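Encoded as structure tokens, the structure appears first; notes follow it.
The values are calculated or read from the model by the stated rules, or taken from the named source; none is laboratory data. Keep in mind that this is a model prediction, so the values were computed, not measured. Virtual Cβ from ideal backbone geometry, glycine too; neighbours counted across all protein chains shown.
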């Protein structure tokens with residue numbers, strides 16, 4: 001299973017909104033600049049995320065986007081599914097509407113792909129945006145400490 005830029009960039013955008021959670025609405029232009037993303041492409045991704053109920057838009061001069069729920073209650077799995085669709089390494093084991101297969105009852109590789117799907121889903125569903133923010137903070141502190149030790 002390979003994620004497209006939809007999932008990759010959408011997760012970066014949601015992470016950015018999570019880092020600014022509890023402040024004023026964030027304009028997409030700001031997210032695009034900070035995350036080095038195309039604003040036009042980001043608009044398309046945000047539309048999908050809004051439709052999935054993960055972000056809310058705020059209109060007006062001070063408008064922008066905010067998370068629909070607190071960062072600890074939005075998982076990476078929800079974001080990826082909203083942008084990429086059901087998780088599955090092959091179509092016959094999709095989480096939703098798996099493709100019919102005339103060999104499903106005795107296909108040994110289907111067991112492998114089901115386990116792969118379940119493992120991926122378990123990991124993605126176990127990581128929240130709050131977890132990502134905490135990890136980013138740890139990395140920031142480690143890099144700062146490293147720079148200080150180097151004399152930079």
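In summary, residue 121 fulfils each of the numbered conditions (1) loosely packed, with under 13 Cβ neighbours inside 10 Å; (2) touching a helix residue (DSSP H, G or I) at 6+ places or on another chain (Cβ under 8 Å); (3) at pLDDT 95 or above with the single exception of condition (1). Quick check: anything in region 99-108 modelled with pLDDT under 95, more than 30 Å from residue 31 (Cα to Cα) and part of a helix (DSSP H, G or I)? Looking for residues that are modelled with pLDDT under 95, more than 30 Å from residue 31 (Cα to Cα) and part of a helix (DSSP H, G or I), one finds at least one in region 99-108, hence yes. Taking the criterion of being surrounded by 20 or more Cβ atoms within 10 Å (Cβ to Cβ) and assigned to a loop (DSSP other than H, G, I, E, B), the residues of region 55-97 that qualify are 74, 87, 88. Residue count for region 25-60 satisfying the condition of being touching a strand residue (DSSP E or B) at 6+ places or on another chain (Cβ under 7 Å) and more than 28 Å from residue 94 (Cα to Cα): 7. The condition of being under 15 Å from the mean Cα position of the chain (by Cα) and either more than 20 Å from residue 133 (Cβ to Cβ) or surrounded by fewer than 17 Cβ atoms within 10 Å (Cβ to Cβ) (or both) does not hold for residue 18.
Go through the residues of region 40-54 one by one and say whether even a single one is loosely packed, with under 13 Cβ neighbours inside 10 Å, part of a loop (DSSP other than H, G, I, E, B) and within 12 Å of the chain's Cα centre (by Cα). No, the conditions are met nowhere in region 40-54. Looking at residue 58, is it under 20 Å from residue 20 (Cβ atoms) and within 13 Å of the chain's Cα centre (by Cα)? No, not satisfied. When residues in region 124-152 are screened for being surrounded by 11 or more Cβ atoms within 10 Å (Cβ to Cβ) and at pLDDT 80 or above, 14 of them pass.
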